[in-house]
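Inspection log for the structure reproduced underneath, given as C-alpha cells.
Quick note: the coordinates plus some simple rules give every number you see, no bench work behind them. Being a predicted model, the structure only gives us computed values, none of them experimental. Here the Cβ positions follow ideal geometry from the backbone for every residue, glycine too, while neighbour counts run over all protein chains shown.
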Amino acid sequence: MSTETAFPLAASTPVRLPNKQRKPLVRRILRDRSQQVRRMVQLAFLMLNAWLAVEFLMWVRYFESQGQTRYVERPAGVDGWLPIAGLMNLKYFFVTHHVPAVHPAAMILLAIFLLSSLLLKKTFCSWLCPVGTISEVLWKLGRKFFHRNFTVPLWLDLPLRSLKYLLMAFFLIIVISMSAEALNDFLIAPFGIIADVKMLNFFRTMGVVGMAVVAILILLSVFIRNFWCRFLCPYGALMGIISTLSPVKIRRDAQACIDCGKCSKVCPSSLPVDRLLQIRSVECTSCMECVAVCPAENALQLSLPPRSLNGGEVSETGASAARWRTRALDPRLVAAILAILFCGLIGIARATGHWQTHISRELYMQLVPHADEYGH
C-alpha cells in the first residue's frame, strides 16, 4: 500500500473486497465526537469575529461622527483580517528583530495560524477560519436541499486549484522583495494605518460588481464543496504548504480497515483516504470528517506516526490498539492545543505591549473620516 501523497483531484472509487474476503468489522467502542467538538470551536471563533466586527464598526463610527458616538477601544483582533499586513510585519520582525508599531496583532495572529498548521496540519481552515466555517455551512445546505454537491471535473480542478497558489506567490513575492525600510514606510503611511478601515468601507459601500462577485461565490459554494477555500484562498494555500511539515496527519491502519470506502465519500477535499496509509496532501484540513464516519476501531485517526511493534516489523492482527496508543489525537486535545496557542501568544503580546496599534486618537480623527481618499 503506497504512503505517497494523495493526488487531491477527485473522489476515489472505493475498493471493496468480495464478501468472502472482507475483513470482520470490529466496531468502535466509543462514540466519535470530533465533529461536535470542531463545531463548538468553529462557532466560538465565528462569534468572536462577529463581536470584533461590531466593536470595530463602533470604533470607526466614533471618528466618522467626530466624537459624537460612544467611544470603544479599537479591537486589535480585527488585524486578523489583514493577512498582507501580517506578512509584511512578519518579514519586518525577522529582518529587524523589532515588532512593528502598526498592526502588530496581524503578525501575532498570522504566527498563531502558521504554528497551528505546523503542529496540527491545516486545522486553521476547518476549525478556526470563519470564511471556512461559512463555506462549510453553504455546501452542507446545498447537499441538504438539492441532495448532492457537484465535483469539478479533473481537467478543470487542477488549473482552478493553481489559482490560489498563484495569488499566494504574487503576495509573497511583493512582500519578500520589499526592504525593511520600505515595509515600515508603507505601514506608517496613512494607507497602511487605516487599511482596516478601508477594508470595512469596501464591504459597507460595495458596488454592483462587488455584490455580483460575492453572490456568485456564495452560489458556487452551495453546489461545490468549499469552492473559495479549494480554488481561490491564498491564505489557505500558505497554510497547506506549511502543513506538509506537520508530524500530525490523518492515518489509516490497513489491518483494522474493512475497506468500506466511507472515508473517501465524506472527505470535503475529495481525497482517496481509503487507498492511503497517511494523507500528506496540502488539501487535507484535518476536519476529521473521515474519522467520524469510520465504523472500525483504530482504523482511522488524526495522529502522530504509529508505534513500531515487533522490532519494527508489521504487527499481527489485533495489535492496532497498541500501535495507536498515545499517538491518536482526541478532538478535545486538538481544541485545547488551538486554545493554548491562541490565548497564550495573544496573552504574551498583550503583556509585552505588542498587541495594540500605537496611534494617537487625534491622528485617527484626521484619517478615519477620509479613509477612502488615501491610496497606496
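Points worth noting:
- Within the straight-line cut-off of under 15 Å between alpha carbons, the aspartates and glutamates reachable from residue 91 are 181, 185, sequence neighbours fewer than 8 places apart in one chain being disregarded.
- For the chain, the C-alpha radius of gyration sits at 1.10 times the compact-globule guess of 2.2 N^0.38 Å, with N the residue count.
- Percentage relative contact order, the chain, counting C-alpha pairs under 8 Å, at least six apart: 30 percent
- Rg [Å, one decimal], Dmax [Å, integer] - region 211-280, C-alpha atoms: 15.5, 51
- Test item: Cα-centred dipole of the chain, Lys/Arg +1 and Asp/Glu -1 on Cβ, debye: 1880 debye
- Dividing the summed helix terms, -39500 (n - 2.57) for each DSSP H run of n ≥ 4, by the number of residues in the chain produces a 222 nm estimate of -16500 deg cm²/dmol to the nearest 500.
- Dividing the mean sequence gap of close Cα pairs (under 8 Å, 6+ apart) by how many residues region 92-183 holds gives a relative contact order of 22 percent.
- Nearby aspartates and glutamates by direct alpha-carbon distance to residue 262 (threshold 12 angstrom, same-chain neighbours under 8 apart not counted): 274, 289
- Gain on full extension, evaluated as 0.36 nm per residue between residue 54 and residue 147 minus their Cα-Cα distance, stands at 29.9 nm.
- Burial ranking of peptide ranges 237-247, 204-214, 155-165, 181-191 (average Cβ count within 10 Å, highest at the top): 237-247, 181-191, 155-165, 204-214
- Across region 110-240, C-alpha contacts under 8 Å between residues 6 or more apart give a mean separation that, scaled by the residue count, equals a relative contact order of 49 percent.
- Cys residues of the chain that find no other Cys beta carbon under 4.7 Å: 125, 129, 229, 233, 257, 260, 267, 284, 287, 294, 343.
- Our compactness index for region 219-376, the C-alpha radius of gyration over the empirical 2.2 N^0.38 Å, is 1.47.
- Full extension of the chain segment joining residue 180 with residue 211 gains 7.5 nm, where the gain is 0.36 nm per residue of separation less the Cα-Cα distance.
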